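Please read the structure below before turning to the comments.
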Amino acid sequence: MNTPFDQLTDSIRQLPGIGPRQARRIAYFIVRKDKSWVHSLSETLRQARAEVAECMWCRRLFPTAYAAPACTVCTDSSRDAHTLLVVEKDVDLENVEKTGVYTGRYFVLGGTVSLLDKEPEKKVRIRSLEQLIFNKDRDVREIILALSATTEGEDTAVFLKERLTPLLQNHPLTLRVLGRGLSTGTELEYVDADTMQSALKGRT
Ligand SMILES: [Zn+2]
């Protein structure tokens, strides 16, 4: 039977980048802390989960304190509504935003696919992306793929191009890929303003 400690280890194991041995080590770290520390951690987790919502347009998570169905980027009329930067995850969006050089809108795909996947549409939000780009009110005219320079990122770009290109035939929409001033394997997570600027200029 799984003890609560085993269950804790399993939950930690599901975090990104955590292997079985690290999960065990973190689980021991947690249960060795004071009861008050553990209580505060569980309360913080509960609150953090309760106070975010998914934006109806870009699918990023944003604080529900705004009491709106869409995030501040999607509702900001001073931003370029015609350009959509497609990123893999929330943290990529956050990092591009921090560089301050991108003025368009976003879409958070929610992951990557492999060309070997039988049902890739279950791993990324392709349907939501299609709905967004063909929604007349949103008036998207350019889609820029900003995926990791990794095998998964490249496979995902191939999948999106195959999926979107036939749909773009009758729409005044262009599909581009973010130029890479980034060395191979560098992810958007570590992008700085200069690199982002040259990557945006070098989109092809
Ligand atoms: Zn949004």
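The values are calculated or read from the model by the stated rules, or taken from the named source; none is laboratory data. Everything quoted here is computed from the prediction, not taken from an experiment. All Cβ positions, glycine included, derive from the backbone under ideal geometry; neighbour counts span all protein chains shown. For the accessible areas, the whole protein counts, side chains as well, though only heavy atoms, and no ligand, DNA or RNA atoms are used. Shrake-Rupley method; radii C 1.70, N 1.55, O 1.52, S 1.80 Å.
Compute the length gained on full extension between Ala67 and Gln14: take 0.36 nm times their separation in residues and subtract their Cα-Cα distance, giving the result in nm to one decimal.
Once the chain is fully extended between Ala67 and Gln14, it gains 16.1 nm.
For the charge dipole of the range 1-129, defined by +1 on Lys and Arg C-beta atoms and -1 on Asp and Glu C-beta atoms about the Cα centroid, which residue among Asn2, Ala23, Ser78 has the Cα displaced farthest towards the positive pole?
Farthest along the dipole direction, towards plus: Asn2.
Round to the nearest 10 and report in Å² the accessible area of Lys98, as given by a 1.4 Å probe over the protein chains' heavy atoms.
150 Å²
Give, rounded to the nearest 20 debye, the magnitude of the charge dipole that the chain has about its Cα centre when Lys and Arg contribute +1 at Cβ and Asp and Glu contribute -1 at Cβ.
Once rounded to the nearest 20, the dipole reads 320 debye.
In debye, nearest 20, what is the charge dipole magnitude of the range 71-134 about its Cα centre with +1 on Lys and Arg Cβ and -1 on Asp and Glu Cβ, if you could check? Can you show the working numbers first?
Details: 9 positive and 11 negative charges, 26 e Å.
With Lys and Arg at +1 and Asp and Glu at -1, about 120 debye.
Determine the alpha carbon to alpha carbon distance for each of Lys35/Lys89; Lys98/Lys123; Lys98/Lys136; Lys35/Lys123 and list only those over 31 Å.
Lys35/Lys89; Lys35/Lys123
Calculate, for Phe134 and Met1, the FRET efficiency according to 1/(1 + (r/R0)^6) with r their C-beta to C-beta distance and R0 45 Å; round to the nearest 0.05.
Computed FRET efficiency for Phe134 and Met1: 0.35.
In deg cm²/dmol, rounded to 500, what helix-only [θ] at 222 nm does the chain give when every DSSP H run of at least 4 residues adds -39500 (n - 2.57) and the total is split over its residues?
-13000 deg cm²/dmol
Compute the acute angle (0 to 90°) between the alpha-carbon long axis of helix 35-50 and the principal axis of greatest extent of the alpha-carbon atoms of the chain; round to the nearest 10°.
With rounding to tens, the tilt is 30 degrees.
How about the range 45-134: which GluC sites (Glu not before Pro) there lie in a loop by DSSP and see at most 13 other Cβ atoms within 10 Å?
On the way: sites: Glu51, Glu54, Glu88, Glu94, Glu97, Glu121, Glu130; in loops: Glu51, Glu88.
Answer in residue order: Glu51.
What is the range 105-162 by shape, rounded, prolate or oblate, if you read a ≥ b ≥ c off the alpha carbon gyration tensor as root eigenvalues and call it rounded for a/c under 1.5, prolate for a/b larger than b/c, and oblate otherwise?
Verdict is prolate for the range 105-162.
If Lys and Arg each add +1 and Asp and Glu each add -1, what is the summed charge of the other residues whose beta carbon sits under 12 Å from the beta carbon of Gly19? Before the final figure, lay out the partial values.
On the way: positive: Arg13, Arg21, Arg24, Arg25; negative: none.
Charge balance in the 12 Å sphere: +4.
Short version: what are the Cα gyration tensor semi-axes of the chain, square root of 5 times each eigenvalue, largest first, in whole Å?
Each semi-axis is the square root of five times an eigenvalue, giving 34, 20, 17 Å.
GNM, the chain, Cα, under 10 Å: largest mean-square fluctuation among Val38, Val73, Val86?
Val38
Of all trypsin sites (Lys or Arg not before Pro) in the range 1-47, which ones are in loop regions per DSSP and have a Cβ with at most 15 other Cβ atoms within 10 Å?
Lys33
Can you figure out the FRET efficiency of Val52 with Thr151, using R₀ = 22 Å and their beta-carbon distance, to the nearest 0.05? Working shown, then result.
On the way: r = 30 Å, r/R0 = 1.38.
After rounding to 0.05, the efficiency reads 0.15.
Taking all protein chains in place and a 1.4 Å probe, what share, in percent, of the accessible surface of the chain do carbon and sulfur account for? Let's see the in-between values first.
Numbers: 6440 of 12450 Å².
The C+S portion of the solvent-accessible surface of the chain is 52 percent.
Mind jotting down the distance between the C-alpha centroids of the range 9-29 and the range 44-87, whole Å?
Each part's Cα centre sits 29 Å from the other's.
So how far apart, in nm, are the two label points at Ser78 and Lys118 if each is 7 Å from Cα heading toward Cβ?
With each label placed 7 Å out from Cα toward Cβ, I get 5.1 nm.
Calculate, for Thr44 and His171, the FRET efficiency according to 1/(1 + (r/R0)^6) with r their C-beta to C-beta distance and R0 41 Å; round to the nearest 0.05. Write down the numbers at each step before the final one.
Working: r = 45 Å, r/R0 = 1.09.
That gives a FRET efficiency of 0.40.
Compute the angle between helix 20-32 and the longest alpha-carbon principal axis of the chain, please, reported from 0 to 90 degrees and rounded to the nearest 10.
Once rounded, the angle reads 50 degrees.
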